[in-house]
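The values are calculated or read from the model by the stated rules, or taken from the named source; none is laboratory data. Computed from a predicted structure; not experimentally measured. Here the Cβ positions follow ideal geometry from the backbone for every residue, glycine too, while neighbour counts run over all protein chains shown.
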Amino acid sequence: MKKNILVAGGAGYIGSHMVLFLLDKGYEPIIYDNLSEGHQESILGGKFIQGDLADTAKLHQVFNDYDISAVMHFAAHCYVGESVTNPKKYYQNNVFNAYNLLNVMLEHKVNKFIFSSTCATYGNPIKLPLTEDHPQNPINPYGNTKLVVEKILHDYSHAYDLKSIALRYFNASGAEPQARIGEGHDPETHLIPNVLDAALGLKELKIFGDDYDTPDGTCIRDYIHVMDLAQAHWLALEKLLDGHQTDFFNLGTGTGYSNKEVIQAAEKVTGKKISVSIVERRAGDPPSLVGSSDKAKKELGWKPEYDSLEKIIETAWKWHLKLRKIN
Ligand code: UDP
């Protein structure tokens, strides 16, 4: 019998790649998504239930209908800038809805949970690359909301025996190599898809600040391929199903690229000149976020496959041309 894995947010960018990975590994994904940001056409298998995490009755129904072995939770808002201007939206969905999901799970005696956390929980780094023991002092509401859930997971682990693994992602990017699915936010605020839109002449690219304390003045981020993220979630899931205790891991590459370097890499991949204007800094942006994933490699056996930004952008570009209907 295939194990049922509830994938909250399975129609979204990372969730839909996870669903593909789970199908490939012989699990049965049960996708729960309100389609506020996800796309039904991104769900390439499993069972789909359209529902909101705030809808407690519907959630109970799902746990009554399916024997769920574990829950993976991707259904969160993820825009740093928006979280600064509209924190209410972030606390409502990222904290209250996660809390609701956890309590419903526990009522149904499901006690295995994989959580999408973020490097934004660290705030301004004291030391790079960031390791899991780095202090967590977020500087934006997005990071705050994810840290609150990490704390709930810690407390629920002790009190209610909820076993969880929190995965602190660096910058998720790229697309499934065959370009069946990829990143499709609306509005799009992330750097790589915006750079690709600029390469196609569809958008003017604005870089938020070039006066940071970094070698070229622009922010540095650690871009990790979405299929490598999915692989890490699968490994974490298997660990939990095997009895692993509550834990947390960074998922990054250990190499950072400045915003200007991302543009250069995209010019190389696309063969197009990308024009840029430098504008004000965006609120909530730390100058540099680069993560060590030694713990995930050692303890989960994680083997990321995409080891260069260009390879990541190649998959994003292939998908982006399809998304924008360009041959
Ligand atoms: N960024 C930018 N222009 C854009 C989108 C992003 O300059 O159109 C910058 C952003 O300020 C940050 C980096 O690119 O320094 C990565 O931002 P993104 O929103 O992709 O991910 P985040 O790190 O905020 O999760």
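Considering the stretch 87-99, the residues that are surrounded by fewer than 16 Cβ atoms within 10 Å (Cβ to Cβ) and under 20 Å from Leu35 (Cβ atoms) include one that is farthest from the ligand (Cβ to nearest atom), namely Phe96.
Looking only at the stretch 179-200, which residues are outside any loop (DSSP other than H, G, I, E, B) and of a type outside the set (A, V, I, L, M)? Of everything in the stretch 179-200, those that are outside any loop (DSSP other than H, G, I, E, B) and of a type outside the set (A, V, I, L, M) turn out to be Pro193, Asn194, Asp197.
Looking across the stretch 279-291, just one residue is of a type in the set (A, V, I, L, M, F, W, C), surrounded by 16 or more Cβ atoms within 10 Å (Cβ to Cβ) and near the ligand (Cβ under 10 Å from one of its atoms), and that is Leu289. Of all residues in the stretch 187-216, those that are in contact (Cβ under 8 Å) with a residue 12 or more places away in the chain, surrounded by fewer than 18 Cβ atoms within 10 Å (Cβ to Cβ) and more than 8 Å from the ligand (Cβ to nearest atom) total 9. In a residue-by-residue description of the stretch 25-47, the property of being touching a residue at least 24 places away in the same chain (Cβ under 8 Å), in a helix (DSSP H, G or I) and touching a Gly at 6+ places or on another chain (Cβ under 6 Å) applies to no position.
How many residues, within the stretch 51-80, are farther than 26 Å from Gln245 by Cβ and in contact with a Phe, Trp or Tyr (Cβ under 8 Å, 6 or more places away or on another chain)?
As a first pass, look at the stretch 51-80 and keep what is farther than 26 Å from Gln245 by Cβ: 51-52, 54-58, 60-62, 64-65, 77-80.
Okay, now just the ones that are also in contact with a Phe, Trp or Tyr (Cβ under 8 Å, 6 or more places away or on another chain), so 51, 54, 62, 77-80.
Adding up the residues that qualify gives 7.
I'd like to know if the stretch 256-270 contains one or more residues that are loosely packed, with under 15 Cβ neighbours inside 10 Å, over 26 Å from Glu176 (Cβ atoms) and away from the ligand (no atom under 16 Å from the Cβ). No - not one qualifying residue is present in the stretch 256-270.
Of the listed requirements (1) hydrophobic (A, V, I, L, M, F, W, C); (2) over 27 Å from Lys297 (Cα atoms); (3) within 12 Å of the ligand (Cβ to nearest atom), Cys219 misses just one: (2). List every residue pair whose Cβ atoms sit under 7 Å apart, with the two residues 6 or more apart in sequence or on different chains, where the first one lies in the stretch 106-123 and is assigned to a helix (DSSP H, G or I) and the second, anywhere, is β-branched (Val, Ile, Thr). Close Cβ pairs (under 7 Å, with a partner that is β-branched (Val, Ile, Thr)) amount to Ala120/Val80. On the given criteria, is His17 closer than 25 Å to Ile192 by Cα and assigned to a helix (DSSP H, G or I)? Answer is yes for this residue.
Counting only residues that are farther than 19 Å from Ala232 by Cα and in contact (Cβ under 8 Å) with a residue 24 or more places away in the chain, the stretch 170-185 holds 4 of them.
Kindly indicate whether any position in the stretch 290-300 is touching a Ser or Thr at 6+ places or on another chain (Cβ under 6 Å), modelled with pLDDT of 95 or more, closer than 30 Å to Ala166 by Cβ and of a type outside the set (Asp, Glu). Yes - at least one qualifying residue is present in the stretch 290-300.
If you take the residues of the stretch 140-178 that are assigned to a loop (DSSP other than H, G, I, E, B), farther than 11 Å from Ser117 by Cα and under 18 Å from the mean Cα position of the chain (by Cα), which of them is nearest to the ligand (Cβ to nearest atom)? The residue in question is Asn140. Pairing each residue of the stretch 4-24 that is without any contact (Cβ under 8 Å) to a residue 60 or more places away in the chain and crowded, with 24+ Cβ neighbours inside 10 Å with any residue that is of a type in the set (Asp, Glu) and not in a helix (DSSP H, G or I), provided the two are 6+ apart or on different chains, yields C-beta distances under 9 Å for Ala11/Asp33; Ala11/Glu37.
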